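Take a look at the structure set out below.
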Amino acid sequence: VQRAAIVVQKNFKASREHQRYLSLKAATLVFQRRYRALILSRQYALEYLSLRRATIHIQAVYRGIRVRKSIERMHLAACTIQSAYKMHRNRKSYQKKRTAAIVIQNYYRSFINGRNQRKKYLMMKNSALVIQASYRGMKERQKLKILHASAVMIQSSYRMYIQRRRYKQLCWAARVIQQRFRAKMAKKADMENYAKIKKAVICLQCSFRAKKARQLYKSSVAARRIQSFLQMCVERRRFLEKKAAAVTIQSVFRCQRARARYKLIWSSAVAIQRWYRACHRAQLQKAEYTAQRQAVVVIQSAFRGMKARKVARQIRAARKIQCFLQMAVQRRKFIQLRTAAITLRAYYLMYKAKSQYTSYKQAALVLQRHYRSHLTMKRQRAAYLQTRRNVTIVQARVRGFIERKKFRKIKESTVKIQALFRGFLQRQKYLRCKFSALVIQQHYRAHQMRNTEQQRYHQMKRSIIRIQLGLDTPLCLALNLDVPSTKTSA
């Protein structure tokens, strides 16, 4: 029995040691698992922290790259905007300068055209003045010629009338004297008649001589008056010719300022030639007038002597014939002068109308040129303003299109960057959630494994305690030991 008890005790101790060994082994395994789980959790925490630091570093680097790219884009955009603004400002200043230069060129060209047209107009005006002066001088000379011819005709008719009146007076006086003389001769005797005739002759001679003296005095006074009038006319004509020459020279001198010296010398030479020819013609006309006067005086003296020698009837017949001839000649001259005056008047009116028409035509041409230049300038300005408005509209639309295109590009790039950034954020968030889910799963699995190990450990412990209690009860009964109840031990 003692040996059996020893064997039982050895076996029990061996089983208990084995159970203790198994429990220690299980506890050791649990501690090892927990320690390994703790190390794994620490490793996972360290890896999480390192991954977090790496993620933060990557995010910082990415954000720095994005900020630098955005700064570079903004810098490029600012450079582009500055270049576009400078280009716009330079283009605008160039357009302003170009428009100002075009306006100045148009005004300068219009000024040059106006100055040239004014020069042409002044030259034509001066030439017209010269032509008018020469034509007026010619007309004045023609008027002087007509007046001189009419004065000569009036003088000749007046002298003829004076001579005829004198002749009639002489005839009447002679008839009266003859009647008285014949009456006295019939009344008185021969001696008395002789004495009377002698007295009468003496008386007649005295009266005739006195009358002749009076007539000579009157004729001399009339001649002096006519000579003074003629001299006055000649001096006036000379004065008018000199005045016309002076006016011509003045007009030529004034024209010399706008024309060349050659034209001035030529016009002055022409004016001097005209003046010299007019003077020469006046001298010739004066010589002809003096010759005609002398011839008329000679003819008158001869005719008077012939009249004195011929009979009264012959004288009357000759006078009648002479009067008729002079009347016919004067009538013919008057008709010729009238036709010449009508022709000259017609030519003058035609020339005046033609010159007026030419002046009106030149003025109308000048006005048309000015008006056409004004219309062309106005049309060019309207076309320029229209093109400028079109160019500004096109530039505005092109710039708007370019800005819209840039804005669309910037918007698309911004949307892409935002999409990429949001995707990156979502991916980072998903990775963090995934990593946290993995960590949680690992912790949960470790916790489940720990719980299962604890449950197994408790079950083994209870089973070992039960085995130990099951083994101890027969020994206690055999050795009369108190065996505690299972419930209390449990």
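Rounded to the nearest 20, the Cβ-based charge dipole of the stretch 99-200 about its Cα centre (Lys and Arg +1, Asp and Glu -1) stands at 580 debye.
Take the solvent-accessible surface of the protein heavy atoms, probe 1.4 Å, and return the percent of it on the stretch 94-175 that carbon and sulfur atoms account for. Looking at the stretch 94-175 in its full context, I get 63 percent from C and S. Which residues among the stretch 355-391 fall inside the zone where the amide N is under 17 Å from a point 7 Å beyond the Cα of Gln117, along Cα→Cβ? Residues passing the 17 Å test: 359-381. Between Ile102 and Ile272, the C-beta separation translates, for a Förster distance of 51 Å, into a calculated FRET efficiency of about 0.45. Using the empirical formula 2.2 N^0.38 Å as the baseline, the Cα radius of gyration of the stretch 369-451 reaches a ratio of 2.94. Distance from the C-alpha centroid of the stretch 365-413 to that of the stretch 279-318: 95 Å, rounded to the whole angstrom. Among the listed pairs Lys354/Lys378; Lys69/Lys405; Lys187/Lys212, give every one whose C-alpha distance is greater than 24 Å. Violating the 24 Å Cα-Cα cut-off are Lys354/Lys378; Lys187/Lys212.
Distance between the modelled labels on Arg404 and Leu469, one decimal in nanometres: 9.3 nm (7 Å Cα→Cβ projection). Each label point was placed 7 Å from the Cα along the Cα-to-Cβ direction; for Tyr360 and Arg159 their separation is 4.9 nm.
Gain on full extension, evaluated as 0.36 nm per residue between Cys233 and Arg397 minus their Cα-Cα distance, stands at 50.0 nm.
Restricting the calculation to Cα atoms, every distinct pair contributes to the Kirkwood radius of the stretch 1-151, found to be 29.7 Å. Semi-axes of the equivalent ellipsoid of the chain are 174, 18, 14 Å, computed as sqrt(5λ) over the eigenvalues of the C-alpha gyration tensor in descending order. Between Ile321 and Leu49, the simple label model (points 7 Å from Cα in the Cβ direction) yields a spacing of 17.5 nm.
The stretch 327-360 and the stretch 94-122 have Cα centres spaced 49 Å apart. Only one residue of Ala446, Cys203, Tyr35 has its Cα farthest out toward the positive end of the dipole of the chain, where Lys and Arg carry +1 and Asp and Glu -1 on Cβ, and that residue is Cys203.
The values are calculated or read from the model by the stated rules, or taken from the named source; none is laboratory data. What you see is a predicted model, and the numbers here were worked out from it, not measured in a lab. Note that each Cβ is placed from the backbone with ideal geometry, even for glycine, and that neighbours are counted across all protein chains shown. Note: accessible area is taken over every heavy atom of the protein model, side chains too, but ligands, DNA and RNA are not part of it. Shrake-Rupley method; radii C 1.70, N 1.55, O 1.52, S 1.80 Å.
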